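Peer 1: My questions all concern the structure below.
The values are calculated or read from the model by the stated rules, or taken from the named source; none is laboratory data. Treat the numbers as computed from the prediction; the structure is a model and nothing was measured. Glycine gets a Cβ as well: all are built from the backbone with ideal geometry, and neighbour counts include every protein chain shown. Calculation scope for accessible area: heavy atoms of the full protein, side chains included, ligands and nucleic acids excluded. Shrake-Rupley method; radii C 1.70, N 1.55, O 1.52, S 1.80 Å.
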Amino acid sequence: MPVSPVLQEHGILYVRSEYEQRPGVSIYEAAQPGGAPERWFTTTYEFWIDPGNPWRFRRVTTEWLPDGPHIRDGMGSDGETGWWELDVARGITVPVYHSGRPPQSNARWLETFTVRPAVLRLLQPETAERLQEEERAPWGRVETWRYRPAPGAPWITITVRVEEPRIRVQEESPNALGETNRLRIVEWRWLEEGALPPDFWLRPPEPPIPPQEQPGSSRSLPIFPLGDFRGRAGGLIPGLF
């Protein structure tokens, strides 16, 4: 990988995204007896990726529901001896451990942050409306487009990094009720490898601790201290992923 503010050769890449659904169906609730109602909620996606070892990574998906945060799925691998998985939708409600390498490398997770080629082909003056271009840290130059994935389909607004890799910074799309579902990357940061505990990659996550809401606050999701897999709240805080 080239050395840049977005991709580097050394260190651990930490990415955190939010997906706001208004409303949506919780996968965690759908796996419980009684099913799941439609509701407004946010899903957070966290990734830790080692570019120096394609088999070492960690990801955790958390749904923030009225009764608190619930880990929906996750996977981790130390890149050498073993890996674990958790997936409520598949009935894996407690971590299951495996020996050897996982079935996919961390390149799979890096690909989820970039815009698909089919979408890039639509982001042209002939098929989309370019709304603005600006500098935005840490991405550098980004551009925002408004496009339709198919004739007659609802408009989607997407913000994309201009240079390679074409990171999808934010995407907004209307749902059937006219509300806007929003996916956005809220953290993209490089960590020193020594900042993570030695057993970090193979230790399953604990449910995050909800933050204490402050008077007048309009946000309820925390920014977890980077490298803290237990998800203790450290402030306010994406995208699929």
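Peer 1: Identify, please: which residue in segment 4-25 is farther than 30 Å from Leu196 by Cβ and not basic (Lys, Arg) and is, among those, most open to solvent (accessible area, probe 1.4 Å)?
Peer 2: By that ranking, first place goes to Val25.
Peer 1: Could you check Gln132 against (1) more than 21 Å from the chain's Cα centre (by Cα); (2) polar (S, T, N, Q); (3) surrounded by 17 or more Cβ atoms within 10 Å (Cβ to Cβ) and say which number it fails?
Peer 2: Answer for Gln132: the failing condition is (3).
Yes or no, residue by residue, for (1) among the aliphatic types (A, V, I, L, M); (2) not in a strand (DSSP E or B):
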{"position": "Val94", "(1), (2)": "yes, no"}
{"position": "Ser105", "(1), (2)": "no, yes"}
{"position": "Val119", "(1), (2)": "yes, yes"}
{"position": "Val142", "(1), (2)": "yes, no"}
{"position": "Gln170", "(1), (2)": "no, no"}
{"position": "Val186", "(1), (2)": "yes, no"}
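Peer 1: Inside segment 149-161, can you point out the residues that are open to solvent by 50 Å² or more (accessible area, probe 1.4 Å) and either in contact with a Pro (Cβ under 7 Å, 6 or more places away or on another chain) or modelled with pLDDT of 95 or more (or both)?
Peer 2: Hit for segment 149-161 is Pro154, nothing else.
Peer 1: Answer yes or no: is there a residue in segment 42-53 that is open to solvent by less than 10 Å² (accessible area, probe 1.4 Å) and farther than 22 Å from Pro197 by Cβ.
Peer 2: yes
Peer 1: Something else: Only one of these is at pLDDT 95 or above, among the acidic types (Asp, Glu), farther than 22 Å from Asp50 by Cα and in contact with a Lys or Arg (Cβ under 6 Å, 6 or more places away or on another chain): Glu134, Glu129. Name it.
Peer 2: Working: Glu134 fails: in contact with a Lys or Arg (Cβ under 6 Å, 6 or more places away or on another chain).
Only one candidate qualifies: Glu129.
Peer 1: Additional query: May I ask you to list the residues in segment 66-92 that are surrounded by 20 or more Cβ atoms within 10 Å (Cβ to Cβ), small (Gly, Ala, Ser) and under 19 Å from Pro207 (Cβ atoms)?
Peer 2: Gly74, Gly76
Peer 1: Here is a follow-up. For segment 135-148, which positions are open to solvent by less than 60 Å² (accessible area, probe 1.4 Å) and within 23 Å of Tyr14 (Cβ to Cβ)?
Peer 2: Pro138, Trp139, Gly140, Val142
Peer 1: To continue, here is another question. Give the residue, chosen from Leu202, Leu191, that is over 25 Å from Val6 (Cβ atoms), out of contact with any Pro (no Cβ under 8 Å at 6 or more places or on another chain) and surrounded by 14 or more Cβ atoms within 10 Å (Cβ to Cβ).
Peer 2: That would be Leu202, the only listed residue that is over 25 Å from Val6 (Cβ atoms), out of contact with any Pro (no Cβ under 8 Å at 6 or more places or on another chain) and surrounded by 14 or more Cβ atoms within 10 Å (Cβ to Cβ).
Peer 1: Which ranges mark the strands (runs of 3 or more DSSP E) fully within segment 23-91 that have 1 or more residues being touching an Asp or Glu at 6+ places or on another chain (Cβ under 7 Å), hydroxyl-bearing (Ser, Thr, Tyr) and on the phi < 0 side of the Ramachandran plot? Before the answer, list the steps.
Peer 2: On the way: elements: 38-49, 56-65, 68-78, 82-87.
Qualifying strands (runs of 3 or more DSSP E): 38-49, 56-65.
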